[in-house]
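One structure is given here, and the rest of the page talks about it.
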Amino acid sequence: AQTVTQSQPEMSVQEAETVTLSCTYDTSENNYYLFWYKQPPSRQMILVIRQEAYKQQNATENRFSVNFQKAAKSFSLKISDSQLGDTAMYFCAFMKLRSEKLVFGKGTKLTVNP
Amino acid sequence: DAGVIQSPRHEVTEMGQEVTLRCKPISGHDYLFWYRQTMMRGLELLIYFNNNVPIDDSGMPEDRFSAKMPNASFSTLKIQPSEPRDSAVYFCASSNAGQTYQETQYFGPGTRLLVL
């Protein structure tokens, strides 16, 4: 069974600075998808970014980018120019190809300080 | 374009009562998922449907839980009888196998359930 580990339960960063959230996963699959979801205090789960394992290029969405290291089974999220609205829980998730089942990590609580 | 709609947003009930949570997926989506979120266990997939048919219910905790999807635009998750340990936030999500990035699931706002 696949597992997703987020080793940082809580992190904080100053506004406008850069922060990196860690995620590792365990799988024997070669093709899969990885996701970062954001859950602000409103509880809404919002997709931040996704990565296909067969793509070598790291995904980027505006201030959010990932560092995908397939051999190391690592999928970290970098947030640049942090904003107060980035304060939220961040969940890393894994999906096996043609599975439709998301496996989530326990989450990292990120606080952006003014 | 409306997202996934869930109702109620909050539910407080007493142990032993029946609870029904409702979900309307994004129009045109053919997959629907029910998740439960607790502090202890994190986010867990309970069940998911494809074209209104239950595909995998292995995450449903016990017989007290049941889910239905009578049509493409509506699903229910029922707990009968409810117990205090069922207190959690329940999320519904949907996705569309016919689209690019079909694997992306879009979540509703969740229902916070408290069983006293």
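The values are calculated or read from the model by the stated rules, or taken from the named source; none is laboratory data. All of these numbers come straight from a predicted model, not from anything done at the bench. In this analysis, Cβ positions are derived from the backbone assuming ideal geometry, glycine residues included, and neighbour counts consider all displayed protein chains. Note: accessible area is taken over every heavy atom of the protein model, side chains too, but ligands, DNA and RNA are not part of it. Shrake-Rupley method; radii C 1.70, N 1.55, O 1.52, S 1.80 Å.
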(request) Filter segment B:98-116 down to residues that are assigned to a strand (DSSP E or B) and within 11 Å of another protein chain (Cβ to nearest Cβ) and give me whichever is farthest from A:Glu100 (Cα to Cα). (result) B:Arg112
(request) Run A:Gln39 past the list (1) closer than 21 Å to B:Glu103 by Cα; (2) more than 14 Å from chain B (Cβ to nearest Cβ) and report the number of the one that doesn't hold. (result) (2)
(message) If A:Ser80 meets every condition in (1) modelled with pLDDT of 95 or more; (2) open to solvent by 10 Å² or more (accessible area, probe 1.4 Å); (3) within 14 Å of chain B (Cβ to nearest Cβ) apart from one, which number is that one?
(response) (3)
(message) Which count do you get for residues in segment A:24-37 that are surrounded by 15 or more Cβ atoms within 10 Å (Cβ to Cβ) and closer than 13 Å to A:Gln2 by Cα?
(response) 6
(message) Is it the case, given these coordinates, that B:Thr111 is crowded, with 18+ Cβ neighbours inside 10 Å, at pLDDT 90 or above and under 15 Å from the mean Cα position of the chain (by Cα)?
(response) yes
(message) One residue is enough: does segment A:56-71 have a residue meeting the conditions within 14 Å of chain B (Cβ to nearest Cβ), more than 18 Å from A:Leu102 (Cα to Cα) and without any contact (Cβ under 8 Å) to a residue 24 or more places away in the chain?
(response) yes
(request) Taking the options A:Gln44, A:Gln56, A:Gln14, name whichever one is over 13 Å from the mean Cα position of the chain (by Cα), over 27 Å from B:Cys92 (Cα atoms) and either small (Gly, Ala, Ser) or modelled with pLDDT under 95 (or both). (result) A:Gln56
(request) For segment A:2-47, enumerate the residues that are hydrophobic (A, V, I, L, M, F, W, C) and on the phi < 0 side of the Ramachandran plot. (result) A:Val4, A:Met11, A:Val13, A:Val19, A:Leu21, A:Cys23, A:Leu34, A:Phe35, A:Trp36, A:Met45, A:Ile46, A:Leu47
